[in-house]
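Colleague: Let me begin by handing over the structure; questions about it come next.
The values are calculated or read from the model by the stated rules, or taken from the named source; none is laboratory data. Computed from a predicted model, the values in this text were never measured in an experiment. All Cβ positions, even for glycine, are placed from backbone atoms using ideal geometry, and neighbour counts span all protein chains on display.
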Amino acid sequence: MPGLWKEIEIVSEADEELISVRLALQSGNWPENIRRFHAQMKELRSLGSLIFNGDRIVLPEALRYKAIKASHQGHIGCGAMKRIIREYFWWPGLSSEVEKFVKSCETCLVISRRNPSIPLCSRELPDGPWEILQVDLLSINNCGSGEFLVLVDTYSRYLAVAEIKSTDAKNTNLTLAKIFYTWGLPLILQSDNGPPFQGKEFIDYWQNKGVKIRKSLPLSAQSNGAVERQNQGILKAIAGAKEDGLHWKEALQNYVHVHNTLKPHFRLCITPFELLVGWKYRGTFPSLWKAKSSEELDRYEIRDRDALSKLISKTYADSHRGAKASDIKAGDKVIMAVPKKPR
């Protein structure tokens, strides 16, 4: 920090802005070009070529950047920098200049927290079941091949999980095809950008069958949220099976079965199986009700409940994560974090 009085005196003597301030203090006439100083008129006083605001030196323009840079040692934040500088110096616009300096510090941009999450954008419920599916690959150690394909219908939340020999495009396509033999082809298949989903072999295979491939946002688990949430549940079920001494296959089968046929959606109050096929699942517990036909299932009411459910979840999530709309515009310069691949 520039602490040499002589340097400040010499630079202040030649500073045109401070020359005008000294003259204004003597004459009481404040021209437009130093209007920013006028608001502090009662606190300002001159001593030779130096000007003070209270007991703080009004730093000449040529030394302000030097003071800001010196206060930024250790890449401390804006608030601390302002407190350090204001203990010794003052000049109009100090705060904005410090903030501009920190925003332009590439090191700070790299090591600081990333921009806050943007508010969630909930997708509307598809027109019907098995139209838009989310797919992901999940690795589970010490369980068969260790690789599993997880598929979720975004309309019904119906879940399918299959062990996969390897995560190349050929085996992924074959595993998906086995699931589709039962329920038919979807209209849209959504995945993340990891292998094998980004490969030409995978994309061409399904697009040639009339299935549109859609990608989730990079580094945004929420955009593929339906399947990501199921990954967590599957891992928890497998971990519980190890504690209970059950085989992983039995635990996985039980988890999928309960999720699809017994566990109603928290806010929709209906199971994935019933949403998918239009009637309640029979065979688990004795019951007095009769099977519902597809005409009795009010899918308009389901859509309304789903919209309300997503709005409640979005409001909570945005508040919990401190989400704010991004002010980044086309043409802005940004620094992107590039995740390092594990060796």
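Colleague: For residues that are free of Cβ contacts under 8 Å to residues at least 24 places away in the same chain and of a type in the set (A, V, I, L, M, F, W, C), scanning just the range 40-53, find the one that is surrounded by the most Cβ atoms within 10 Å (Cβ to Cβ).
Modeller: The qualifying residue surrounded by the most Cβ atoms within 10 Å (Cβ to Cβ) is L44.
Colleague: Filter the range 121-170 for residues that are of a type in the set (F, W, Y) and over 24 Å from the mean Cα position of the chain (by Cα); which is surrounded by the fewest Cβ atoms within 10 Å (Cβ to Cβ)?
Modeller: Restricting to residues being of a type in the set (F, W, Y) and over 24 Å from the mean Cα position of the chain (by Cα), the top hit is W130.
Colleague: Out of the residues in the range 254-279 that are of a type in the set (D, E, K, R) and not in a helix (DSSP H, G or I), which is modelled with the highest pLDDT?
Modeller: Among those that are of a type in the set (D, E, K, R) and not in a helix (DSSP H, G or I), it is K263.
Colleague: So, L18, is that one surrounded by 14 or more Cβ atoms within 10 Å (Cβ to Cβ) and within 30 Å of I111 (Cβ to Cβ) or not?
Modeller: Against the criterion (surrounded by 14 or more Cβ atoms within 10 Å (Cβ to Cβ) and within 30 Å of I111 (Cβ to Cβ)), L18 does not qualify.
Colleague: So which of L151, L189, L185 is modelled with pLDDT of 90 or more, closer than 21 Å to I238 by Cβ and not aromatic (F, W, Y)?
Modeller: Details: L189 fails: closer than 21 Å to I238 by Cβ; L185 fails: closer than 21 Å to I238 by Cβ.
Answer to the selection: L151.
Colleague: If I filter the range 171-186 for residues that are within 23 Å of the chain's Cα centre (by Cα), hydrophobic (A, V, I, L, M, F, W, C), under 21 Å from G128 (Cβ atoms) and crowded, with 20+ Cβ neighbours inside 10 Å, do I get at least one hit?
Modeller: Checked against the condition, which is being within 23 Å of the chain's Cα centre (by Cα), hydrophobic (A, V, I, L, M, F, W, C), under 21 Å from G128 (Cβ atoms) and crowded, with 20+ Cβ neighbours inside 10 Å, the range 171-186 yields no hits at all.
Colleague: Where the second residue is among the aromatic types (F, W, Y) and the first is within 19 Å of L109 (Cβ to Cβ) and lies in the range 76-88, which pairs have Cβ atoms under 9 Å and are six or more apart or on separate chains?
Modeller: Close Cβ pairs satisfying both conditions: C78/F101; M81/F101.
Colleague: Next up: Taking the range 134-158 on its own, how many of its residues are touching a Phe, Trp or Tyr at 6+ places or on another chain (Cβ under 9 Å), touching a residue at least 12 places away in the same chain (Cβ under 8 Å) and outside any loop (DSSP other than H, G, I, E, B)?
Modeller: Number of matching residues: 7.
Colleague: In addition: For the list (1) surrounded by 16 or more Cβ atoms within 10 Å (Cβ to Cβ); (2) touching a strand residue (DSSP E or B) at 6+ places or on another chain (Cβ under 8 Å); (3) closer than 17 Å to V150 by Cα; (4) not charged (D, E, K, R), I need the number of the one condition that G194 fails.
Modeller: (1)
Colleague: Please determine, by comparing only the residues of the range 213-247 that are hydrophobic (A, V, I, L, M, F, W, C) and not in a helix (DSSP H, G or I), which one is modelled with the lowest pLDDT. It would help to see each step written out before you state the result.
Modeller: Here is the first cut: in the range 213-247, the ones hydrophobic (A, V, I, L, M, F, W, C) are 213, 217, 219, 221, 226-227, 234-235, 237-239, 241, 246.
Next, only the ones that are not in a helix (DSSP H, G or I) stay: 213, 217, 219, 246.
Working: I213: 92, L217: 64, L219: 52, L246: 85.
Step by step, filter the range 213-247, then rank; the result is L219.
Colleague: Criterion first (surrounded by 15 or more Cβ atoms within 10 Å (Cβ to Cβ) and either farther than 30 Å from I328 by Cβ or among the charged types (D, E, K, R) (or both)) does F101 satisfy it?
Modeller: no
Colleague: For the range 21-34, which residues satisfy the criterion of being closer than 15 Å to V58 by Cβ and surrounded by fewer than 17 Cβ atoms within 10 Å (Cβ to Cβ)?
Modeller: L23, L25
Colleague: With respect to the numbered conditions (1) in contact with a strand residue (DSSP E or B) (Cβ under 9 Å, 6 or more places away or on another chain); (2) at pLDDT below 85, which one is the sole condition not fulfilled by I118?
Modeller: (1)
Colleague: Suppose the filter is at pLDDT below 80, touching a Leu at 6+ places or on another chain (Cβ under 6 Å) and of a type in the set (D, E, K, R); does R282 pass it?
Modeller: No: the conditions fail for R282.
Colleague: A follow-up question, please. Farther than 30 Å from R282 by Cβ, among the acidic types (D, E) and outside any loop (DSSP other than H, G, I, E, B), is that true of E250?
Modeller: no
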